[in-house]
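The structure appears below as structure tokens.
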Amino acid sequence: MAAYALEAEGISKFFPGVKALNNVSLRVRSGTVHALMGENGAGKSTLMKCLIGIYRPDHGVIRVNGVPVNFQDTLDALRCGISMIHQELNLVPEMTVAENIWLGREPIKYGLVDHGKLHAITRVLLSKLNIRLAPDRLVGELSIAAQQMVEIAKAVSWNADVVIMDEPTSALTEGEVAHLFTIIRDLRAQGKAIIYISHKMDEIFAITDEVSIFRDGAWVGSDHTTRFTRQSLITQMVGRELTQLFPKFNNAIGEEVLTVRNLSRHAVFHDINFSVRRGEILGVAGLVGAGRSEVMESLFGMSAIDSGEILIDGVLTRIDSPSTAIDKGMAFLTEDRKKSGLFLVLSVLENMSIVNMAQYSSKVGFISHVQMAKDCMAQIQRLNIKTPTMDQIINNLSGGNQQKVLIARWLLAQPKILILDEPTRGIDVGAKAEIYRLISELANRGVAIIMISSELPEIIGMSDRVMVMHEGRITGILNKEQASQETIMSLASE
Ligand SMILES: Nc1ncnc2c1ncn2[C@@H]1O[C@H](COP(=O)(O)OP(=O)(O)OP(=O)(O)O)[C@@H](O)[C@H]1O
Ligand SMILES: [Mg+2]
């Protein structure tokens, strides 16, 4: 038996204008969980895509159980015992859970897909993993968290020796993360190697045995997880010390900007009452499925309400579409960036400016491209967005950098009310600190901010007040002093 389940040696990968990987190596032992860490754009996903046959490396060798391989495509890699959970969900919404998992290798009977057998093997797989989902549910109807669980089941179904997980928990809450960890421990006990990519420090220390760190496409170091501290890990990743994650701010809180009264939507949320003031950050906590995003989508005119009132600056306002909401001074960073945020075929510049066109248009209809480009450049520098030019197609950016472009868009919109749904999902620690600073700064300038987050430290570190939801209802609104981890958790699961 070879010493390593998987070895990558001297891998380089270049894209036009981008040195994504420069002579990096990685060795992963069987029966271990190996973490990959690094800032957004460091090259983690690119290396994984080389290992799974999506990209062909420009240089370097990959060995599986000591044997050099040269994958032509993903199927090749899967057959060699490497499977992967992708950073971006990769499922077909129009197909069922079972069809998605076994796509391309469905059991066949008399030349047709044997649906009985397909559902039976899916049921066995899901119950082995303790995932409670019906095999015949359409994937498009599932929550993002449930879709992520389908991805996990799919990766495991290949019975691979090496399972790559690229930010598998970004859409999961604590309970589901614990569930995934049980699955991972089980795989490890079976002698499989797991490559685990995450920006969440707690997870790295909870589940991984070894860590490899990358910076700007280069390998920085590898060691046992226990030899690192949180601080030493961050320092190696970022290349500098990072002292304060949550910036200190004492914003002056002004008059009420947004008032929500008795908002209800049948079977989704009920009797929602809250307000946000100028310069205030209202954190919104709760478990996935508590209805937090749904309330905000209704506020922003993305879905209708059955009853209730919305007041902006004390004036009763009807918001029937996102464009009305934008006109009224609202901005909304949605949680699912592919579904409702990013235009994948457009450039960084276009994605940033798309809702702000009015701002760049003169009265006679000319668009000031110069100003647009200047603002875009400033945001790229400010948020340290990794892109060769502002004309790069957004699909070519790393996941975290796509998120930064969306944040830049809403910063440029200069809203009165800013709603952020999981703003730092997939964002590295360094950039997180910068985003928190920007959010505080906006609050200081008088913007009313609503921030949904499943990360309690983020909620507690940033919010002036915390609103907690459970099963479509508000279970409490806490002020800064009352908002502890325990109080929030108990209200969230009430
Ligand atoms: N298909 C592509 N075309 C052009 N550039 C690309 C392509 N894929 C990745 N890149 C670039 O390669 C670099 C590494 O990206 P990669 O996705 O590997 O980063 P990452 O470490 O996974 O980051 P994140 O934590 O944000 O997911 C980035 O600068 C990215 O913009
Ligand atoms: Mg990535």
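What to note about this one:
- Residue in segment 150-169 that is more than 16 Å from ligand 1 (Cβ to nearest atom), out of contact with any strand residue (DSSP E or B) (no Cβ under 9 Å at 6 or more places or on another chain) and not in a loop (DSSP other than H, G, I, E, B) present: yes
- Residue check for residue 285: in a strand (DSSP E or B), small (Gly, Ala, Ser) and in contact with a Pro (Cβ under 7 Å, 6 or more places away or on another chain): no
- Just one of the numbered conditions (1) more than 15 Å from ligand 1 (Cβ to nearest atom); (2) at positive phi; (3) surrounded by 20 or more Cβ atoms within 10 Å (Cβ to Cβ) is not true of residue 414: (3).
- Within segment 269-296, considering residues that are of a type in the set (Asp, Glu) and surrounded by fewer than 22 Cβ atoms within 10 Å (Cβ to Cβ), the one nearest to residue 474 (Cα to Cα): 271
- With a requirement of 3 or more residues that are away from ligand 2 (no atom under 14 Å from the Cβ) and over 18 Å from residue 398 (Cα atoms), the strands (runs of 3 or more DSSP E) lying completely within segment 1-113 that satisfy it span 6-15, 18-28, 59-64, 67-69.
- Index of the failed condition, residue 11 passing every other in (1) within 30 Å of residue 429 (Cα to Cα); (2) of a type outside the set (Ser, Thr, Tyr); (3) surrounded by fewer than 21 Cβ atoms within 10 Å (Cβ to Cβ): (3)
- Residue 192 vs. criteria outside the structural domain of residue 292 (by TED's automatic domain parsing), touching a strand residue (DSSP E or B) at 6+ places or on another chain (Cβ under 7 Å) and not polar (S, T, N, Q): yes
- Count of residues meeting criterion [among the aliphatic types (A, V, I, L, M) and within 16 Å of ligand 2 (Cβ to nearest atom)] in segment 351-384: 0
- Check on residue 366, surrounded by 13 or more Cβ atoms within 10 Å (Cβ to Cβ) and more than 16 Å from ligand 1 (Cβ to nearest atom): no
- Residue count for segment 200-218, restricted to those that are farther than 12 Å from residue 229 by Cα and either charged (D, E, K, R) or more than 14 Å from ligand 2 (Cβ to nearest atom) (or both): 12
- When residue 237 is tested against (1) in contact with a strand residue (DSSP E or B) (Cβ under 8 Å, 6 or more places away or on another chain); (2) at pLDDT 90 or above, only condition (2) is not met.
- Residue match in segment 461-472 (condition: over 30 Å from residue 267 (Cα atoms) and part of a helix (DSSP H, G or I)): yes
- In segment 34-66, residue farthest from ligand 1 (Cβ to nearest atom) [restricted to those that are over 24 Å from residue 167 (Cβ atoms) and free of Cβ contacts under 8 Å to residues at least 60 places away in the same chain]: 61
- Some residue of segment 384-396 being under 30 Å from residue 289 (Cβ atoms), among the hydrophobic types (A, V, I, L, M, F, W, C) and within 15 Å of ligand 1 (Cβ to nearest atom): yes
- Scope segment 390-405; condition buried (at least 19 other Cβ atoms within 10 Å of the Cβ) and either part of a helix (DSSP H, G or I) or within 12 Å of ligand 2 (Cβ to nearest atom) (or both); matching residues: 394, 397, 398, 399, 400, 401, 402, 403, 404, 405
- Residue 387, sole failed condition from (1) β-branched (Val, Ile, Thr); (2) surrounded by 15 or more Cβ atoms within 10 Å (Cβ to Cβ); (3) at pLDDT 90 or above; (4) away from ligand 2 (no atom under 16 Å from the Cβ): (4)
- Among residues of segment 142-167 that are free of Cβ contacts under 8 Å to residues at least 40 places away in the same chain, none has a Cβ under 8 angstrom from a residue that is within 16 Å of ligand 2 (Cβ to nearest atom) at a sequence gap of 6+ or on a separate chain.
- The condition of being touching a helix residue (DSSP H, G or I) at 6+ places or on another chain (Cβ under 7 Å) and either within 16 Å of ligand 1 (Cβ to nearest atom) or aliphatic (A, V, I, L, M) (or both) does not hold for residue 22.
- If you check 467, 451 for being crowded, with 20+ Cβ neighbours inside 10 Å and in contact with a Pro (Cβ under 7 Å, 6 or more places away or on another chain), only one passes: 451.
- Residue match in segment 216-234 (condition: surrounded by fewer than 15 Cβ atoms within 10 Å (Cβ to Cβ), outside the structural domain of residue 312 (by TED's automatic domain parsing), within 24 Å of residue 22 (Cα to Cα) and of a type in the set (S, T, N, Q)): yes
The values are calculated or read from the model by the stated rules, or taken from the named source; none is laboratory data. Given the structure is predicted, the values throughout are model-derived calculations rather than measurements. Neighbour counts run over all protein chains shown; Cβ positions are idealised from the backbone, glycine included.
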